[in-house]
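The values are calculated or read from the model by the stated rules, or taken from the named source; none is laboratory data. Computed from a prediction, not measured in an experiment: that's the story for all the values here. Note: ideal-geometry Cβ built from the backbone for every residue, glycine included; neighbour counts use all protein chains shown.
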Amino acid sequence: MRAAHVITATLCALVLAACTPFPEKKADRVDEPLPATTTTTLSLPPRPQAIRLDDLDPCAVLSADQRMSLSLDNPPSAYVDTAFGNAKACTMRSNISGNVVRLALVTVEGVGVWLSENAQVDAQPTTVAGFPGLTVRTPGMDNVCNVEVDVADGQFLDVMFRDGGNETAAKQDTLCLGAQRAAEAAVAGLLQRR
């Protein structure tokens, strides 16, 4: 019986010791304030000229020859993109590659919208036919890549290139190259129409 009391008392002491907080140890040094962090803002180079997008038809930006050189063999389809302030947009699909290109003529804000931390994208600088631009990748969306071209103050050309449901999904790097090619063709088309 005495052994049972000793075991019980020992267990209670162990439980009590485990629940007792250790005294705080005082630091021997004073903490230095953390250095201020700075964020660098990406600035794009100046554009060679302004190309206003007002009153343009996005489905007429690429000529039939340009569409064929990009393997866009289906007829273009116009619509309004509400995500970009009711921007006029055009989708073109390829039966050859299975990919889809979308052009949107954004006239309500500049390309800098993609550089805001609210955009939550990976935007890397690029050049499109001499115009400053951004290659934009959206985290979690590996089947699409955008190239945004700074064409005028408060306006930009949005070129989206996506996998249209191919049996073997295209890698995002391949999609970004396609977006770059389509953007180059679109800027060339815009310059011809001005």
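Quick notes on this structure:
- Residues satisfying the criterion are absent from the range 62-78 (criterion: touching an Asp or Glu at 6+ places or on another chain (Cβ under 6 Å), modelled with pLDDT of 95 or more and outside any helix (DSSP H, G or I)).
Yes/no per residue for (1) part of a helix (DSSP H, G or I); (2) within 26 Å of residue 162 (Cα to Cα); (3) modelled with pLDDT of 90 or more:
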| position | (1), (2), (3) |
| --- | --- |
| 12 | yes, no, no |
| 21 | no, no, no |
| 27 | no, no, no |
| 30 | no, no, no |
| 48 | no, no, yes |
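- Filter result for residue 171 (of a type in the set (D, E, K, R) and surrounded by fewer than 16 Cβ atoms within 10 Å (Cβ to Cβ)): yes
- All positions within the range 88-120 that are within 27 Å of residue 68 (Cβ to Cβ), under 18 Å from the mean Cα position of the chain (by Cα) and among the hydrophobic types (A, V, I, L, M, F, W, C): 100, 101, 103, 104, 105, 106
- Any hit, the range 100-115, residues being surrounded by fewer than 19 Cβ atoms within 10 Å (Cβ to Cβ), free of Cβ contacts under 8 Å to residues at least 60 places away in the same chain, out of contact with any helix residue (DSSP H, G or I) (no Cβ under 8 Å at 6 or more places or on another chain) and over 21 Å from residue 89 (Cβ atoms): no
- Of all residues in the range 116-154 being outside any strand (DSSP E or B) and polar (S, T, N, Q), the one that is surrounded by the fewest Cβ atoms within 10 Å (Cβ to Cβ): 118
- For residue 96, the conditions (1) in contact with a Ser or Thr (Cβ under 6 Å, 6 or more places away or on another chain); (2) modelled with pLDDT of 95 or more are fulfilled apart from (2).
- For the range 162-185, the criterion of being farther than 18 Å from residue 50 by Cα and in a strand (DSSP E or B) is satisfied by at least one residue.
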